[in-house]
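Rule-based calculations on the coordinates, nothing more; no lab input. Bear in mind that the values here come from a model prediction, so they are computed numbers and not experimental data. Virtual Cβ from ideal backbone geometry, glycine too; neighbours counted across all protein chains shown.
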Amino acid sequence: MKEVLTIPNNQQKLIEYRNITVSQNNHVVLNGINLSINLGEHVAILGPNGAGKSFLIKTITRENYPYAGVPDSYIRILGKENWNVFELRSLLGIVSQDMARTYAGDFSGLQAVLSGFFSSVEIWPYHQVTPAMKQKAWEAMEQLEIPHLAERKMSQISSGEVQRVLIARALVHTPKALILDEPSVSLDFRAARELREMLRKIANMGTNIIVVTHNSTDIIPEITRIILLKDGNIFQDGTKEEVLTSKTLHHLFSLPLKVIQRDGYYHIT
């Protein structure tokens, strides 16, 4: 019998980009991107507004498609190029600002979490919610410490609570990775701190954390790799110690900046 080679998680590619170019309104927003992220690797993608960060996420979720005329270009997720979008969404939990704006209706927190099973905004009469789904939704809400939001209307809870509900929604499938786009935008100091603590717990339970941000305090201590984006290009890619320096961030943001490391976080002033 032929031996089956099992590749360790830290050598499996979660996401691979090769020569990826994306345009919008005849403007190049991603320019020949080449990068790969391993399973088990916690990563932050950092850059100023307009750097192309959100477009990078939207190419993963198939909301944007790369330019087809570039030779030898591809996006592979877990080694595969062609995915059914619904199947892909069960493997990658996405939490974005677009979602936060969408989930502001008169449906409950529990309905919002359950909607993750159907890739919808809310539960409709034709959706068949099984007892197993309800159990998984409750477990995700308990993990995020939000069972008290189960019957609350999404339109009546705070931005921080909405963010927790959306993370619970993303976790119902036990995804390989949780990808967050600007997670602390619109959150006050307390809600942002609570979010970071929750992400640390999720990271330590074995789920990949990929944070896309312009805010260095979103970079939890478990994140070890930083990818800098500027003008649709990879500006630098390396460890936190290599990348998060005053000199590098000065060039990235075109501002005189100082980096202070404190309590496992990097603060930019």
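Quick notes on this one:
- Only the Cβ atoms of Lys and Arg (+1) and of Asp and Glu (-1) were treated as charged; on that basis the dipole of the chain about its Cα centre amounts to roughly 120 debye.
- Computing Cα Rg over 2.2 N^0.38 Å directly from the structure and comparing it against (i) 0.97; (ii) 1.03; (iii) 1.21 singles out (ii).
- Pairs exceeding 29 Å between alpha-carbon atoms, taken from LYS58/LYS80; LYS13/LYS134; LYS58/LYS240: LYS13/LYS134.
- For segment 24-34, Karplus couplings with θ = phi - 60° (6.51, -1.76, 1.60), whole Hz, Gly/Pro x: 9, 6, 6, 10, 6, 9, 9, 10, x, 6, 10
- Taking amide H atoms as placed 1.01 Å from N in the peptide plane, the amide H of LEU30 lies under 5 Å from those of VAL22, each 5 or more residues away in sequence or on another chain.
- P(r) weight above 16 Å for segment 86-175, C-alpha pairs, percent: 46
- Percentage relative contact order, the chain, counting C-alpha pairs under 8 Å, at least six apart: 23
- Rounded to the nearest whole Hz, the Karplus-based 3J(HN,Hα) values (6.51 cos²θ - 1.76 cosθ + 1.60, θ = phi - 60°) of segment 255-269 follow the sequence 9, x, 10, 10, 9, 10, 9, 8, 6, x, 10, 10, 10, 10, 10, with x at glycine and proline.
- Sum of -39500 (n - 2.57) over DSSP H runs of 4+, divided by residues of the chain (222 nm, nearest 500): -8500 deg cm²/dmol
- Neighbour net charge for ASN31 - beta-carbon separation under 13 angstrom, K R +1, D E -1: 0
- Under 11 Å, Cβ to Cβ, from VAL212 - net charge with Lys/Arg +1 and Asp/Glu -1: -1
- Net charge of neighbours whose Cβ lies under 10 Å from the Cβ of THR224, counting Lys and Arg as +1 and Asp and Glu as -1: -1
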